[in-house]
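Note sheet for the following structure.
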Amino acid sequence: MKALKCKWDLVSVHWTDAFDGENGWTDIKDYKPFPRTVVTVGWLWKDCLEGHVTLVTSYFPDEIENMKTVGMPTHIPNGMVISQTVLKQASVFLPEAQVKELQVEQMLSAFSQRNQPSLEILQNVASPPSHLRE
């Protein structure tokens, strides 16, 4: 198993939510609006939407090096943010087979960008000789 961490910060954002009043007719002398403070935790997707803090709740660990897919993005307008705190995130442990797949993907990406992968990458991904596989 190999320990990996997401490059995106894991954050807790406290923010004031927009809200509706009562449905139907409202007597203005008895109406008491009650603002709500919300706490949302997720990985910070920087520069996703201008004027907003964007958090995602999920990602695929085998995409840590090159994020392609995220789950449930939440866009919070900057003006509603009360505070934002970076949290300590746990490592994600990938089985060696997935790590090798990730390394192969990185190697192919390097080739497609006309960068030659290092000998170390090639040696880590290469299969052992058949007489050593048993």
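For segment 1-53, give me each residue that is among the polar types (S, T, N, Q) and touching a Lys or Arg at 6+ places or on another chain (Cβ under 8 Å). Matches in segment 1-53: T16 only. Residues in segment 49-73 that are touching a His at 6+ places or on another chain (Cβ under 9 Å) and under 27 Å from A3 (Cα atoms) were compared, and the one that is surrounded by the most Cβ atoms within 10 Å (Cβ to Cβ) is L55. Among the residues of segment 36-79, which ones are under 16 Å from V11 (Cβ atoms) and aromatic (F, W, Y)? Passing the criteria: W43, W45, Y59. With a requirement of 2 or more residues that are touching a residue at least 40 places away in the same chain (Cβ under 8 Å) and over 17 Å from K46 (Cβ atoms), the strands (runs of 3 or more DSSP E) lying completely within segment 57-96 that satisfy it span 81-87, 92-94.
Only one entry in G51, G24 is at pLDDT below 95 and at positive phi, namely G24. Once segment 1-45 is narrowed to residues that are outside any strand (DSSP E or B), in contact with a strand residue (DSSP E or B) (Cβ under 8 Å, 6 or more places away or on another chain) and in contact (Cβ under 8 Å) with a residue 24 or more places away in the chain, the residue that is farthest from N66 (Cα to Cα) is M1.
Across segment 1-38, the number of residues qualifying as within 25 Å of V86 (Cα to Cα) and hydrophobic (A, V, I, L, M, F, W, C) comes to 10.
The values are calculated or read from the model by the stated rules, or taken from the named source; none is laboratory data. All figures in this text were calculated on a predicted structure; none of them were measured in a lab. Glycine also receives a Cβ, built like all others from the backbone with ideal geometry; neighbour counts cover every protein chain displayed.
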